[in-house]
Structures are given as structure tokens and as C-alpha cells.
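Reading through the C-alpha cells given below for one structure.
The values are calculated or read from the model by the stated rules, or taken from the named source; none is laboratory data. Note that the coordinates shown come from a computational prediction; the quantities given were computed from them, not determined experimentally. Positions of Cβ are generated from backbone atoms using ideal geometry, with glycine treated the same way; all protein chains shown enter the neighbour counts. Protein only, heavy atoms only, side chains kept; ligands, DNA and RNA dropped before computing areas. Shrake-Rupley method; radii C 1.70, N 1.55, O 1.52, S 1.80 Å.
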Amino acid sequence: MTGVLAIVLRLAVIFLGYIGASLAASAFVNILMFGPLGMGPDGSIAPAFIFTIPFTALFVAYFAFLPALLVILFTEFLGKRDWLTHALGGGAVALAAIGLMFAGMNATQGFGDEAFDLPRLDEPQMALLFVGAGLVGGIAYWLIAGRSAGSWRQDTRLPPSAPAP
């Protein structure tokens with residue numbers, strides 16, 4: 001029973017880590033996007049962050065779910081606990097999410113239209129912005145859940161037998 005409880009608790013920590021990573025990546029994107037849009041640091045922008053960071057985090061979590069699931073499974077089963085693995089994994093998740101968003105834009109033909117003056121995903125600056133957000137998200141995940149990656153496996157292993165006298 002204690003092995004099942006360890007796995008359930010680990011899944012809860014992973015879920016909280018994913019939420020934290022999505023919020024951190026969203027905050028990174030929001031902070032860097034408000035500058036080019038002409039909004040200055042005069043303090044009037046702070047209330048907008050209360051809405052835009054969680055709202056953008058929903059999109060981040062949606063597009064990054066499958067690639068992040070693969071990276072999380074990789075780090076959990078191999079027991080990778082270093083920050084660099086999680087940061088690079090977050091960057092890889094961001095690249096995969098860009099691919100998913102770009103494929104979605106090409107399928108709908110309405111996203112990123114010049115009439116709305118939205119940044120396009122095929123611009124290198126946008127790709128670097130998202131990769132940076134992935135790196136920040138990966139580090140946030142490491143802070144919450146990654147430092148104990150694979151710990152559920154140690155709890156379920158049998159203790160070593162005592163040496164024979």
C-alpha cells in the first residue's frame with residue numbers, strides 16, 4: 001500500500017510542477033511581450049498581469065502537454081534530478097509546442113493574420129521567446145518536482161538483504 005501512496009503523491013507533485021512550469025513560462029512570455037507592444041514599466045501594467053499570466057498559462061499548458069509528458073516520463077524513469085536536464089527538456093518542449101502551434105495555424109489559416117497585427121510563429125524572435133519560456137518553465141518544474149524525480153522508485157524497491165555471516 002505504501003508503494004501506491006508514493007506513486008499517487010508523486011503524481012500530485014508532478015501535476016503541481018506542471019502548473020508551476022506553465023505559469024512561469026507564461027510570465028516570461030508576458031513580461032517580454034509587453035515591451036514590444038509599447039507598454040512601459042510605469043506600474044499601470046501590473047493589473048493586466050493578474051489576468052494575462054494565468055490566461056496565457058492555459059494555452060502554454062495545452063500546447064506543451066504531450067511533449068512535456070514525454071520529457072516528464074523520461075526524467076522520472078531515468079531519475080534525472082539535475083536542473084540542466086529539466087531546463088533543456090523545457091526548451092525541447094517549447095520547440096515541439098511551436099511545431100504544434102504552427103501546424104495548427106496552417107490547418108486553420110486564420111491564426112497570425114496580418115489584419116490582427118499578431119507576431120508570427122515563423123519569426124526567429126518568436127521562436128527564441130518560446131524557447132526561453134521553455135527553459136524558464138523547465139527550471140520552474142525542476143524547483144517544484146524535478147529535484148525529486150524518480151523518488152517513487154526508491155520507495156517501492158525492496159531493501160537490500162543482509163550479508164550472510
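Just a few scattered comments:
- The residue that is modelled with the lowest pLDDT, counting only those in the range 115-127 that are closer than 20 Å to Phe28 by Cβ and either surrounded by 15 or more Cβ atoms within 10 Å (Cβ to Cβ) or not charged (D, E, K, R) (or both), is Leu118.
- Within the range 1-20, the set of residues being touching a residue at least 12 places away in the same chain (Cβ under 8 Å) and of a type in the set (Phe, Trp, Tyr) comprises just one member, Tyr18.
- Top-ranked residue in the range 83-107 [being open to solvent by 40 Å² or more (accessible area, probe 1.4 Å) and either farther than 19 Å from Val60 by Cβ or among the basic types (Lys, Arg) (or both); ranked as modelled with the lowest pLDDT]: Ala107
- Filtered residue count, the range 128-150, keeping only those that are at pLDDT below 85 and open to solvent by less than 30 Å² (accessible area, probe 1.4 Å): 3
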